[in-house]
Each structure stands twice: as structure tokens, then as C-alpha cells.
Amino acid sequence: MPLPSIAIPADVRERITAAAAGLFEQSGRQDMPTVDAVRRAARVDMNAASAVMKEWRRAQTAQAAPVVVTVPDAVQEASAAAVASIWLQAQELANESLRNAQAAWEVERGELDAMRQELAEAFERQAIELDTAVAALAAEKATAGKQALELAAVRQLLVDAVSQADKAGARIAEIEHRATDLRAELDRAHADADHLREEASQARKQAAAELEAAHAGTDAARAQLVKLQAQAEAAEQTHAEQRKQTAADAKTAAEARERAAGLAGQLQALQEQNAALLAALKPSAGSKPGKA
């Protein structure tokens, strides 16, 4: 089915032919550029690219060959032999032209088939790109919907923020009023503090004088304490010596008691001996004299 005839602007046609020629030269004039490649290079639509490419390819392969179908009357009148000879030559030329036309047609048909295949592939790629674009558009719409929701949420937040700002303004006014009252109270407190600082300064001076006097008394007490400590140490030393002497005296007394106890025992023994001796001597003293 031939492509419908469309009006293609001259600048678009020039871009397509220039792109086709450039791609053809890049291939070393070996491979015809595809319609899709030319369309992308020229940045045109598929219909314009396919229509101009058809003409461009035909221009690259077309060969002019006259085709003679009938023998002219002038030739028939000139000579039958000449007519026959000319007819044969004309037939040969016609056959050659026919063969050339058939070859050109075959080439053009092959190009048309290739172009049809290229168009099918290009349209398939465009369909994929369209599906991708539609999916991207759907995603963008979904994103736009999400952004709309987020925008609505932001607007609500803005409304809340404005309301809070109004409340904050009223609160600030109240705080400023309270701050004015607090400043007045602070001024009074500063005045009271100045008075208290003056009293504290006088009290510190009085305390310093009392402390100085206390320090003087403390120094005297410390000197007295040192003196008393020295006396206590001397007394402790004397008491220690007395304790030592008392211990020695106690030891001596114990020894004396032991010796006294020993002497008492000896004295009692002597007394017992004396008593026994006296008892023994009493009968002898009462006996009569004259007995020998």
C-alpha cells in the first residue's frame, strides 16, 4: 500500500536528505541508512522521513532507459529491410530497457520491503517508547497526585502555623506585658539588692573587725594553749617518773614484806624452840638438891 502524499516543508526535506546522505557516507556508501536512523538524525516525524527516504533511495538507484514499443511509420516507409533491422534493434533496446526496468523494480521492491520492515521496527520501537512514555506519564501523574496531597498537607500545616503564630503573637503580647511588670519588679529588686549590698558591706566590715579581734584572741589563746601543753607535758613527765618511783617503792615494799614474813616465821620458830626449852628446863629446877 503506497504511503499517502503529504506536504513536507522544504527545510524538513533538506534535513532528511542531508541526514540520509551523511549516514550513507559514514557507511562508506555501502549500506543504505534506515528510516528510523534518518528520522532520529533529522529529528522529524516518521511519515515525513519515510516519504522523503523513498524518493531519496529511488534517486540513488534510478537509471534512465528509453523503452520503444512500436516501430515508427517513417521507418516502415523507408525500407522493409531497414525496418526489420531497426525493429530488431528496437526490440533489443526494448528488451534491455525492460530488463533494466525489471531490475530497477526488483531493487526498488527490495528497498520497499526493507523500508516496510524498517517502518514496522520503527513503529514497534515507537510503540515501546510510547508505552514507556505513558508509564512515565502515569508515574508523573501519581507523583503529581502525591505532591498535591503533600501540598494540601503543607497548606494545612501553613494554616495551623498561621493560627499558632496568631496565638503566639497574643502570647508574646502577654509576655511583653508580663516582662514590663517583671522589669519593674526587677528594678525594685535591684534597689533592694543595692540596699542589701550596702548592709552586707557594713556587716562584712563589722565581721572583719570582729574576726580580727577574734584572731587576736585566738593568737593569745593559742599561746596560752602552747604554754599549758608544755606544762602538761612536764607534769606528764613528772607523773611518769613518780609512777616509776611508786612501782620501785612497791617492789621494795613487797620484798620487805617477804623478808618480814620470813623473819616472822623464823621468830615464831625460835619462840617455839624457846617454849620447848623452857618446858624442858622447868622439871629440872623443882628437884631436890643433895642427890647426886
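The values are calculated or read from the model by the stated rules, or taken from the named source; none is laboratory data. Owing to the predicted nature of the structure, the values given are computational and were not obtained by experimental measurement. We place every Cβ from the backbone using ideal geometry, glycine too, and count neighbours over all the protein chains shown.
Scan the stretch 125-161 residue by residue and report those that are touching a residue at least 60 places away in the same chain (Cβ under 8 Å) and polar (S, T, N, Q). Talk me through it step by step, then tell me what you get.
Initially, the stretch 125-161 is screened for residues touching a residue at least 60 places away in the same chain (Cβ under 8 Å), giving 125-126.
Answer for the stretch 125-161, where residues must be touching a residue at least 60 places away in the same chain (Cβ under 8 Å) and polar (S, T, N, Q): just Gln126.
Which of the residues spanning the stretch 25-40 are under 11 Å from Arg57 (Cβ atoms) and without any contact (Cβ under 8 Å) to a residue 24 or more places away in the chain?
Of everything in the stretch 25-40, those that are under 11 Å from Arg57 (Cβ atoms) and without any contact (Cβ under 8 Å) to a residue 24 or more places away in the chain turn out to be Pro33, Val38.
Return the only residue of Ala114, Ala101, Ala120, Ala138 being at pLDDT 70 or above and closer than 30 Å to Ala51 by Cα. Before you say what the answer is, go through the steps one by one.
Details: Ala101 fails: at pLDDT 70 or above; Ala120 fails: at pLDDT 70 or above; Ala138 fails: closer than 30 Å to Ala51 by Cα.
Result: Ala114 is the single residue among Ala114, Ala101, Ala120, Ala138 that is at pLDDT 70 or above and closer than 30 Å to Ala51 by Cα.
Checking Asp131 against (1) among the acidic types (Asp, Glu); (2) surrounded by 11 or more Cβ atoms within 10 Å (Cβ to Cβ); (3) modelled with pLDDT of 80 or more, only one condition comes out false. Which one?
(2)
Residue by residue, here is whether (1) modelled with pLDDT under 95; (2) in contact with a Ser or Thr (Cβ under 6 Å, 6 or more places away or on another chain); (3) surrounded by fewer than 17 Cβ atoms within 10 Å (Cβ to Cβ) holds:
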residue	(1), (2), (3)
Pro9	yes, no, yes
Ile16	no, no, no
Arg29	yes, no, yes
Met32	yes, no, no
Asn47	yes, no, yes
Ser50	yes, no, no
Ala62	yes, no, yes
Pro66	yes, no, yes
Leu88	yes, no, yes
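With the requirement that a residue be of a type in the set (D, E, K, R) and more than 20 Å from Thr61 (Cα to Cα), what does the stretch 5-24 give you?
Asp11, Arg15
Looking at the stretch 96-117, I want the residues that are surrounded by fewer than 15 Cβ atoms within 10 Å (Cβ to Cβ) and have a partner that is modelled with pLDDT of 70 or more with Cβ atoms under 8 Å, at least 6 apart or on another chain. Which pairs are those?
Listed pairs, sorted by first residue: Ala114/Met32.
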